[in-house]
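Undergrad: Questions regarding the structure given below will be posed in turn.
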Amino acid sequence: MVDSHTSLTFAQAFEDTEKELKNNLPPWEKASFSDKILIIVIKAIILFPVVVVLFIVAATYGIYIAFYAIPILRDNDDRPEVYYWHSDSERNAAEIRTFIILAVLTWNVFWLLFSLYKASWTDPGEIPKIPEWEILLEDSSESGTDKITIEKRKDGSLRTCNHCQLKKPDRCHHCKQCDRCNLKMDHHCNWIANCVGNYNYKYFFLVVFYGAFSLILFVATFWETVVVGLCDNDNSEFFMLFVVTVYALGILLAIAVVGFMLFHLWLIWNGYTTIEFCEKKRGKVANFAKSPYTQGTMNNYKEALGNNVWLWLLPFGYEKSKDSGLHFTTKNIN
Ligand SMILES: [Zn+2]
Ligand SMILES: [Zn+2]
């Protein structure tokens, strides 16, 4: 409870600072010197979670290489006897295995960082300012235009956004932090300093996927460093405390990130966005026992990760049509 409250407070703080940046400060060119300093400070606060992610990735990777890979791979006989090999062939096998794990981990970290870059810098998609989505005076729920969306307000009228002064396409939501509507909005993610939506969902998912995969590799192998560290009397208490703490934090992070990845695999499977899942949980949307947008498992995955299955795990192959995120076909409505 304390954790969820703390994270809520943090989320609120980030929401407030972004709002302040967007609403209360002049544009950079017109800002005074003190306003410019304030803008830089607020931007730094917004980017802080991204820096934290980069730090965690760099620290975990560095610690893994320094305290797991190098002691096994380095060519000398001065290794603690407690290591698990007893013969040359066992030692060779351990070296080959470590080399392969290190190559896979490096591959993961590279795509994690590349996906993080694309998730942060790709626009999630906004409502086009064209007549179809503009709020016109003659519009009413009875007019033909109401057929452009499936989702309606409780009174049957079109969903519109008061802030953006536009009609809202299905699955589109207004993000307070971005201060605009985002297409097929999943959620606002402070860790990438961007909203997750129609055009960057795949990249966000890959950050989670490669993070989870890397942490599983870390947890599955780094215990050897812990065991060797604890058994080798030559090590200082500080070193032992350090490796045990790193491993414990790695396990906690792995549980969180793997759980989050499984949650998103489930969401994709069922054709939900996070917001839709939360609305369903709150009972806000009556007809959401099954997502009206689900197109079957395979098509749902293609929608989320791209049409080319071979590129699902790479941050490419996510080209979308021009009206993507504006209109959705509904099949299998319960
Ligand atoms: Zn809006
Ligand atoms: Zn947002």
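The values are calculated or read from the model by the stated rules, or taken from the named source; none is laboratory data. Bear in mind the structure is a predicted one, so any value in this text is a computation, not a measurement. Neighbour counts are summed over all protein chains in view; Cβ atoms, including those assigned to glycine, are modelled from backbone coordinates with ideal geometry. To get the accessible areas, we keep the full protein, side chains included, count just its heavy atoms, and leave off ligands, DNA and RNA. Shrake-Rupley method; radii C 1.70, N 1.55, O 1.52, S 1.80 Å.
Undergrad: For LEU38, which of the numbered conditions (1) in contact with a Leu (Cβ under 7 Å, 6 or more places away or on another chain); (2) modelled with pLDDT under 85 fails to hold?
TA: (2)
Undergrad: From HIS187, HIS174, HIS163, grab the single residue that is surrounded by fewer than 19 Cβ atoms within 10 Å (Cβ to Cβ), at pLDDT 95 or above and over 28 Å from LEU313 (Cα atoms).
TA: HIS174
Undergrad: Could you list, in sequence order, all residues of the range 83-126 that are modelled with pLDDT under 80, open to solvent by 50 Å² or more (accessible area, probe 1.4 Å) and closer than 30 Å to ALA212 by Cβ?
TA: Selection gives TYR84 alone.
Undergrad: Would you confirm, using the coordinates I've provided, whether ALA193 is small (Gly, Ala, Ser) and either open to solvent by 20 Å² or more (accessible area, probe 1.4 Å) or within 16 Å of ligand 2 (Cβ to nearest atom) (or both)? Please lay out each step first, then the result.
TA: On the way: small (Gly, Ala, Ser): yes; either open to solvent by 20 Å² or more (accessible area, probe 1.4 Å) or within 16 Å of ligand 2 (Cβ to nearest atom) (or both): yes.
Yes; evaluated as a whole, the condition is true for this residue.
Undergrad: Using beta carbons and a limit of 8 Å, which pairs, at least six apart or on different chains, have the first residue in the range 310-326 and touching a residue at least 24 places away in the same chain (Cβ under 8 Å) and the second one open to solvent by 40 Å² or more (accessible area, probe 1.4 Å) and of a type in the set (Lys, Arg)?
TA: Partner pairs satisfying both residue conditions: PRO315/LYS118.
Undergrad: Could you say whether any residue in the range 125-146 is closer than 24 Å to PHE48 by Cα, in a loop (DSSP other than H, G, I, E, B) and touching a residue at least 40 places away in the same chain (Cβ under 8 Å)?
TA: Start the filter on the range 125-146 by keeping residues that are closer than 24 Å to PHE48 by Cα, which leaves 125.
When the remaining residues are screened for being in a loop (DSSP other than H, G, I, E, B), the result is 125.
Going one step further and asking which of them are touching a residue at least 40 places away in the same chain (Cβ under 8 Å), we end up with 125.
Yes, the range 125-146 has at least one match.
Undergrad: Considering PHE48, PHE33, which residue is more than 21 Å from ASN194 (Cα to Cα), open to solvent by 80 Å² or more (accessible area, probe 1.4 Å) and at pLDDT 90 or above?
TA: Going through PHE48, PHE33 in turn, the sole match is PHE33.
Undergrad: Is it true that some residue in the range 252-262 is closer than 30 Å to ASP323 by Cβ, free of Cβ contacts under 8 Å to residues at least 60 places away in the same chain and more than 12 Å from the chain's Cα centre (by Cα)?
TA: no
Undergrad: Do we have any residue at all in the range 231-249 that's within 27 Å of ILE127 (Cα to Cα) and either modelled with pLDDT of 95 or more or open to solvent by 20 Å² or more (accessible area, probe 1.4 Å) (or both)? Walk me through it before giving the result.
TA: The initial filter retains those residues of the range 231-249 that are within 27 Å of ILE127 (Cα to Cα), namely none.
No, every residue in the range 231-249 fails to be within 27 Å of ILE127 (Cα to Cα) and either modelled with pLDDT of 95 or more or open to solvent by 20 Å² or more (accessible area, probe 1.4 Å) (or both).
Undergrad: Note down all Cβ pairs under 9 Å where the first residue falls in the range 91-110 and is closer than 19 Å to PRO315 by Cα, the second is of a type in the set (Gly, Ala, Ser), and they're at least six residues apart or on different chains.
TA: Qualifying pairs under 9 Å: VAL104/SER214; LEU105/ALA69; LEU105/SER214; ASN108/GLY211; ASN108/SER214; VAL109/ALA58; VAL109/SER214.
Quick grid of which residues meet (1) in contact with a helix residue (DSSP H, G or I) (Cβ under 8 Å, 6 or more places away or on another chain); (2) within 10 Å of ligand 2 (Cβ to nearest atom); (3) part of a loop (DSSP other than H, G, I, E, B):
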{"position": "ILE150", "(1), (2), (3)": "no, no, yes"}
{"position": "LYS154", "(1), (2), (3)": "no, no, yes"}
{"position": "HIS163", "(1), (2), (3)": "no, no, yes"}
{"position": "PRO169", "(1), (2), (3)": "yes, no, yes"}
{"position": "HIS174", "(1), (2), (3)": "no, yes, no"}
